[in-house]
Structures are given as structure tokens and as C-alpha cells.
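K.L.:
The structure follows.
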Amino acid sequence: MKNAWYIGCCSFMALTAVAQEPLVTPGEGTTLVEKLTGEDKPLLSSHMNLQFNTMASVPFTNGKLDNAHFSINGVRMEIHGKFHEQFNYYFRQSYTRNFIPMEVDNVSMAVEQMKIGWNVHPRLQLEIGKQCMQLGGYEFWVAANRVRFYSDFNSTMSSYQTGINAAIGLHPNHTLNLQFLNYRLATEEAYYVYGLPAGITLTEAPFISVLNYDGYFADRALNLRYAVAGGPLAKGRPQVFVTMGNTWEKGPILAYLDLMYAYEGLDSKGLISTLSARRPEGGTTAQYASYLSAIANFDYRINSHWNLYVKGAYETARVLRSNACYQKGLYTRTWSAQACAEYFPIQGEDFRVFMHFLYKKSGTTRLAQSIGAADQDAQRISIGLEYVIPVF
């Protein structure tokens, strides 16, 4: 018995020793710092920054004060650069997102992007790993800390997925992106508020394909970013997205108009499905849902210290074919308006203090009210600060 115990301890120690060995032993590899300072294999470029956003908010729902609070809205670390003439890397992690690993790609949702870029040809670049879907629209692509309040459409998109993207350079100002990604990373409960409807089964190949055009005109002041995407999450229930971003940025003006449409054979956004939550029978996942969103924004940079912007959005949600408790027709109309003043205390630094006002009206139609939904008004006044800290 003692011998068996001794052998077991030795085996455990041996396994532990193996498990704790470093990934790179001395002499086998060169660290990033050594590459930055050495002469044999210098790192061509490396950049790191931290993004921080916090604010104090006073929200109102239907005219009543609703839990005034301080909040940390975003803390991100970003590292990117080149380790070879043909290869680059990009890593970004959020510290205010879910750290539970997804079942398929085995990485935390907090890791937003983790990819390697390969310049195969002057007109062809591959990106492999976790990345942002190449959908159109300024707000879908810009860093999240730049958007004080997302539309319903954007806030319900699973925008970071693992796969591959091929960027084809048609011209210095025109790029075509072909992307193939995972589209279901966890159980059905993560996508459908009330599970799958009876008789519906998940597809064995839950991928999404994206075709994106990214073009610049008028001396690169006008950017058109258009995309179509599609793929199934369940058998016989495809998802289709058509998105168009139109951005003008020149001098003190930044203006954009984002137009987005989604057809969902199964309501993965959940905006229509949650309208049925108050039914005596309970909620049910909607089918044949469609969403339309339009966002218009105008920024004006008064001087090096002040920036002002106003934004408006209009969104609708429909059911295109009657199913379960949902009759064909329009269910919601949502309006929102935003105004913001930003002050930059330190000239040349991406450090800003802001005051932001939001008004949002969620209007329900007779169809939505017949399944228990009701109108809702929301207002919010926020004061906060944001800093993008360049580390190196």
C-alpha cells in the first residue's frame, strides 16, 4: 500500500512538472521585448492601448426615476502590430463582458478579437481567428467606446465570431471582403429567449457568410461600407442581413447614415419574442421576424477642446408570416434621439469628459398589445469621462 502511494505521488509530481513547463524555454524563442530591442529578429511594430469609459447616469422610465447610478461602461486592452513583413496580429479583450467560455471556439466572450493577418499578395490579405463580422454601418464597425447608446439592432447582434476573412484589394480605395464565420457558439438558450419552437431543429452547420464592400470617394472623405450576410441557425429558418453605412468625415464634420435590415427565420434578436412575456401561457420564440433600423448622426468639432453631436434613430419590428401567437404585421416602432457635448481637457490626447442626453420611445401596435406588450418611454442624463491610454 505504501509503495502504491509512493508511486502515485511520484507520478503526480511528474505530471505537475510537465504541466508547469513554460511555453518557451530559454534559448528556444525570443520574447516580444527582446524582439523590440534586439537585432536578430526585431518586431516590426507593436502597439498597446487601454480604453476606459465611466459615467454617472440618471435614468427615467415612463417619467419615473429609475435607479440613478455610477457605472463602468468599458475597459478594454488592445495589442496589435506586425511580426513579419507578411504577418500582423491583433488582440482585444474587454473587462466588462462575460468571461464564460463559449462551447464551440473555446474562448471567453470577453476576448473580442484575436486574429493573425497574412498578406498573401499585395491585393490579398487573410485574417484568421476571432474577429468582427464585416457588416456595413459606421456604428457596427467603430470602437464600442465611441457609441454612448446603441440602437436595438446593433445591441442584439453577436458581432464577434471565429473564422476567416479574405480582403481583396480592388483598388487602393476599394476593398471586397469575403468572410466565413461560426454563427452559433453556445446552446440554443443563448440565442432564443424561450427556446426552439416545436418542430424546429438546429442546423448541424451553423455558419454565416458575409460579402462586404468598403469604398472611399471624394478624396477619402466619403466612405461607403455595404454588406450582405446570411446563414442558418435552424433547419429551414435562415438569417439574412443587409447593411449599408454611409459616412462623411472631413474637417470638423463627421456625419453618417446607417441603414440595416434583418430577416430572421427564428428571432435570435429576441426583440419581438420578449413582447409575449406577459402572456398567461408564457413567452414563445417568434418566427419569420424582420427588423429595420436607420441611424443618422452629425458631429461638429468646434475646436481642439470641444465636440458636439446629435443623433436620431428609427427602428421597426415585424412578423412576415403568422406563427404561434404572432399574427402577420408590424409590432413596434422605436424612436430615439441623442445629444452630446464632449470636452477635451488636454490638447492632442484622446481624453474626453462628456455630457450625454438620451430620449427613447418604444411604441407598440395593436398586434403587440394583443400579446401583452405596452409602450415605454426612457430618458437618461449622463456625465462621464473616457480615456484611450497609449501604453506603447
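The values are calculated or read from the model by the stated rules, or taken from the named source; none is laboratory data. Every value quoted in this text rests on a predicted model; they were computed, and no experiment measured them. Using ideal geometry, Cβ is built from the backbone for each residue, glycine included, and neighbour counts are taken over all protein chains shown. Ligands, DNA and RNA are excluded from the accessible area calculation, which covers all protein heavy atoms including side chains. Shrake-Rupley method; radii C 1.70, N 1.55, O 1.52, S 1.80 Å.
K.L.:
What's the number of the only condition in (1) buried (at least 20 other Cβ atoms within 10 Å of the Cβ); (2) without any contact (Cβ under 8 Å) to a residue 12 or more places away in the chain that P280 fails to meet?
P.N.:
If we test P280 against (1) buried (at least 20 other Cβ atoms within 10 Å of the Cβ); (2) without any contact (Cβ under 8 Å) to a residue 12 or more places away in the chain, just (1) comes out false.
K.L.:
Picking from Y226, Y256, Y300, Y261, which residue would you name as being modelled with pLDDT of 95 or more and in contact with a helix residue (DSSP H, G or I) (Cβ under 6 Å, 6 or more places away or on another chain)?
P.N.:
Working: Y226 fails: in contact with a helix residue (DSSP H, G or I) (Cβ under 6 Å, 6 or more places away or on another chain); Y300 fails: in contact with a helix residue (DSSP H, G or I) (Cβ under 6 Å, 6 or more places away or on another chain); Y261 fails: in contact with a helix residue (DSSP H, G or I) (Cβ under 6 Å, 6 or more places away or on another chain).
Being modelled with pLDDT of 95 or more and in contact with a helix residue (DSSP H, G or I) (Cβ under 6 Å, 6 or more places away or on another chain) holds for just one of Y226, Y256, Y300, Y261, which is Y256.
K.L.:
Taking the conditions exactly as written (open to solvent by 70 Å² or more (accessible area, probe 1.4 Å), more than 30 Å from I346 (Cα to Cα) and in contact (Cβ under 8 Å) with a residue 24 or more places away in the chain), does R321 satisfy them or not? Write out each step before concluding.
P.N.:
On the way: open to solvent by 70 Å² or more (accessible area, probe 1.4 Å): yes; more than 30 Å from I346 (Cα to Cα): yes; in contact (Cβ under 8 Å) with a residue 24 or more places away in the chain: yes.
Criteria met by R321.
K.L.:
At pLDDT 60 or above, open to solvent by 90 Å² or more (accessible area, probe 1.4 Å) and closer than 19 Å to T162 by Cβ: is that true of I79 in this structure?
P.N.:
When the stated conditions are applied, I79 does not pass them.
K.L.:
Would you please list the contacts, defined by Cβ atoms under 7 Å and residues six or more apart or on different chains, that run from a residue in segment 219-239 that is open to solvent by less than 60 Å² (accessible area, probe 1.4 Å) to a residue that is of a type in the set (D, E)?
P.N.:
Within 7 Å, the pairs are A221/E249; R225/D214; Q239/E264.
K.L.:
Of everything in segment 146-178, what is surrounded by fewer than 18 Cβ atoms within 10 Å (Cβ to Cβ), farther than 15 Å from A262 by Cβ and of a type in the set (S, T, N, Q)? Give them in sequence order.
P.N.:
Matches in segment 146-178: N173 only.
K.L.:
Only one of F241, F217, F180 is more than 30 Å from N297 (Cα to Cα) and modelled with pLDDT of 95 or more. Can you tell me which?
P.N.:
F180
K.L.:
Something else now. Restricting to segment 339-357, name every residue that is under 26 Å from L50 (Cβ atoms) and surrounded by 14 or more Cβ atoms within 10 Å (Cβ to Cβ).
P.N.:
C340, A341, E342, F344, D350, F351, R352, V353, F354, M355, H356
K.L.:
Name the pairs whose Cβ atoms lie under 8 Å apart, with the first residue in segment 334-345 and farther than 24 Å from L275 by Cβ and assigned to a strand (DSSP E or B), the second open to solvent by less than 10 Å² (accessible area, probe 1.4 Å) and of a type in the set (A, V, I, L, M, F, W, C), and 6 or more positions between them or separate chains?
P.N.:
From residues that are farther than 24 Å from L275 by Cβ and assigned to a strand (DSSP E or B), the pairs are Q338/L358; C340/F354; A341/F354; E342/F354; Y343/F354.
K.L.:
So L44 ticks every box in (1) at pLDDT 90 or above; (2) under 28 Å from N177 (Cα atoms); (3) open to solvent by 60 Å² or more (accessible area, probe 1.4 Å) but one. Which box is left unticked?
P.N.:
Evaluating L44 over (1) at pLDDT 90 or above; (2) under 28 Å from N177 (Cα atoms); (3) open to solvent by 60 Å² or more (accessible area, probe 1.4 Å) leaves (1) as the failure.
K.L.:
For segment 301-318, what are the residues that are over 18 Å from D258 (Cα atoms) and either among the hydrophobic types (A, V, I, L, M, F, W, C) or surrounded by 14 or more Cβ atoms within 10 Å (Cβ to Cβ) (or both)?
P.N.:
First pass over segment 301-318, keeping only residues over 18 Å from D258 (Cα atoms): 301-308, 318.
Within segment 301-318, R301, I302, W306, N307, L308, R318 meet the criteria.
K.L.:
Quick check on segment 183-211: of everything there that is of a type in the set (D, E, K, R) and either surrounded by 17 or more Cβ atoms within 10 Å (Cβ to Cβ) or in contact with a Gly (Cβ under 9 Å, 6 or more places away or on another chain) (or both), which residue is modelled with the highest pLDDT?
P.N.:
Per the stated criteria, the residue is R184.
K.L.:
Can you work out which of the residues in segment 376-392 that are open to solvent by 70 Å² or more (accessible area, probe 1.4 Å) and at pLDDT 95 or above is farthest from V58 (Cα to Cα)?
P.N.:
I383
K.L.:
Further, regarding this structure: May I ask you to list the residues in segment 103-135 that are closer than 23 Å to R225 by Cβ, open to solvent by 30 Å² or more (accessible area, probe 1.4 Å) and outside any strand (DSSP E or B)?
P.N.:
Those that are closer than 23 Å to R225 by Cβ, open to solvent by 30 Å² or more (accessible area, probe 1.4 Å) and outside any strand (DSSP E or B): P122, R123.
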